[in-house]
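Report on one structure; see the data block that follows.
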Amino acid sequence: MSATKTARLGEESRVDKVNAELVTLTYGTIVAQLCQDYDEDYMEVNKQLDKMGYNIGMRLIEDFLAKSTVGRCANFRETADMISKVGFKMFLNITPTVTNWTSDNNQFSLIFEENPLADFVELPDDGRAQDELWFSNILCGVLRGALEMVQMQIEAHFVSDVLRGDDTTEMRVSLVRYIEDEMPPDEE
Amino acid sequence: MVVFSFYIFDRHAECIYKRQWLPRPVSITAKSSRPVSEPSGLSNGSPAVFGQSARTTDDDAKLIFGTVFSLRNMVRKLGGEDDSFVSYHTSQYKLHYFETPTNIKFVMLTDTKSPSMRIALQQIYINLYVEYVVKNPLSPVEHPGGLGVNNELFEQSLEQFVTRVLS
């Protein structure tokens, strides 16, 4: 599928709109609550956010497929385009830039120029959150869950975040393997 | 048009939903091996009773999964990775098939005169399965043993869809 066609698909897929502040505040509240529940153990908060995202992604992919009616991607490059131009466009109304491909086409970065989850956010000034908490870590889990359902095992993590004072917000996504079809268990 | 039965298989090759409307024609028994060579005399006798006593609905589901799984793989080998089969029919029934990119398989058995049900199966996926099963936050993500698929909204809407839209 050509790049422009993919972009158009992201524009056209019908979705109900929801107030952006509601999303930001809801997500912020979840992160704040997790920080409280885990006594500011930010590593654990990152892990929990990723896990929540994973469970969301496994469902969200069905909604994505139902609304966009796209088929299987031919390669990982096409998948990356689809994630950015259709997936993120559809659910968060943003189009992160796909870049920094490795030569084997198995790893790329998503650069978020804007991030609706992190509007109004300032990380706590306790000397640790700036180095340990990945505020939008739920997105990594969402991608992992969604792609697993379409037979791709991936690994995703943030490498920089403007909230921490970095210049960009960047997520690194690596393809681990394509998952084989499962066979029914042998009984006889 | 008559709909005989409907099945959903998940990515773990498990039958997570099955529904039957009418007694099947008996010759389904031999479908996976030699569908057309079944002597037609059998089905005119007492089809429902004979067919039912021979196998349970679980066996049916397994047979159907085996059939569509092999057929799908064969089709992909011959026609390329993006190819998929739409339906096949025997002298007794027609099997319609739709698979999502997430490997969920929708199968419907109807009488032989029915038109293509591919769009209908796709609609069941988009408007019923995704809406009432996937989006129900309290239903589990995976559905071992059909858990979470057999909820009231889904079953009612499916019933309506099949009786009103398809007949």
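Amide H to amide H distances under 5 Å link B:V2 with B:D111, where only residues 5 or more positions off or on other chains count and H is placed in the peptide plane. Among A:47-60, A:118-131, A:30-43, the peptide with the highest mean count of other Cβ atoms within 10 Å heads the list, and the full ranking is A:47-60, A:30-43, A:118-131.
What is the sum of charges around A:G127, taking Lys and Arg as +1, Asp and Glu as -1, for the other residues whose C-beta is under 13 Å from the C-beta of A:G127?
Values: positive: A:R128, A:R164; negative: A:E40, A:D125, A:D126, A:D131, A:E132.
That works out to -3.
Sparse packing (at most 13 other Cβ atoms within 10 Å of the Cβ) combined with a DSSP loop state is found for the following GluC sites (Glu not before Pro) in region B:101-167: B:E142. Taken about its Cα centre, chain A carries a charge dipole of about 940 debye when Lys and Arg each add +1 at the Cβ and Asp and Glu each add -1 at the Cβ.
In summary, the lysines within cross-link reach of A:K17, defined as a Cα separation below 23 angstrom excluding same-chain residues under 8 places away, comprise A:K5, A:K67, A:K85, A:K89, B:K135. Solvent-free Debye calculation, one equal scatterer per alpha-carbon of the protein assembly as shown: log10 I(q)/I(0) at 0.09, 0.10, 0.12 Å⁻¹ equals -0.59, -0.70, -0.94.
Count neighbours as other Cβ atoms within 10 Å of each site's Cβ, and list the trypsin sites (Lys or Arg not before Pro) in region B:74-135 that are DSSP loop with at most 12 such neighbours. Don't jump to the answer; show the numbers that get you there.
On the way: sites: B:R76, B:K77, B:K94, B:K105, B:K113, B:R118, B:K135; in loops: B:K113, B:K135.
Listed in order of number, the matching sites are B:K113.
The modelled label-to-label distance for the pair A:I179/A:N100, using points 7 Å beyond Cα in the direction of Cβ, is 2.6 nm.
Based on Cα contacts under 8 Å between residues 6+ apart, chain A shows a relative contact order of 25 percent. Rounded, prolate or oblate: which fits chain A when a ≥ b ≥ c are the square roots of the eigenvalues of the alpha-carbon gyration tensor, with rounded for a/c under 1.5 and prolate only if a/b beats b/c? Prolate. Peptide A:58-69 has a mean shielding of 5, counted as Cβ atoms of other protein chains within 10 Å of each residue's Cβ. With a Förster radius of 51 Å applied to the beta-carbon distance between A:V159 and B:S91, the computed FRET efficiency rounds to 0.25.
Classify region B:68-167 from the C-alpha gyration tensor, please: rounded if a/c falls under 1.5, else prolate or oblate depending on whether a/b exceeds b/c. Because a/c hits 1.5 or more and a/b fails to exceed b/c, region B:68-167 counts as oblate.
A crude spin-label estimate for the pair A:K17 and B:H12, with each label 7 Å from Cα along the Cβ direction, gives 4.1 nm.
Label sites at B:L22 and A:T4, each approximated as a point 7 angstrom past Cα along Cα to Cβ, lie 5.1 nm apart.
Taking the number of Cβ atoms within 10 Å of each Cβ as an exposure proxy, the fewest-first ranking of B:D58, A:D16 is A:D16, B:D58.
Among B:S157, A:S84, a tally of other beta-carbon atoms within 10 Å of each Cβ gives an order, fewest to most, of B:S157, A:S84.
Return the calculated 222 nm mean residue ellipticity for chain A, to the nearest 500 deg cm²/dmol, obtained by summing -39500 (n - 2.57) across DSSP H runs with n ≥ 4 and dividing by the residue count.
Numbers: 7 runs with 82 residues, N = 188.
Estimated from H runs of four or more residues: -13500 deg cm²/dmol.
Beyond a 27 Å Cα-Cα separation, which of these cross-linked pairs lie in this structure: B:K18/B:K94; B:K18/B:K113; A:K51/B:K77? Correct reply: A:K51/B:K77.
Compute for region A:77-143: radius of gyration divided by Kirkwood radius, i.e. Rg/Rh, restricted to C-alpha atoms, rounded to two decimals. Before the final figure, lay out the partial values.
On the way: Rg = 14.0 Å, Rh = 13.5 Å.
Result: Rg/Rh = 1.03.
Values quoted throughout were computed directly from the atomic coordinates according to the rules given, and no laboratory measurement underlies them. All figures in this text were calculated on a predicted structure; none of them were measured in a lab. We place every Cβ from the backbone using ideal geometry, glycine too, and count neighbours over all the protein chains shown.
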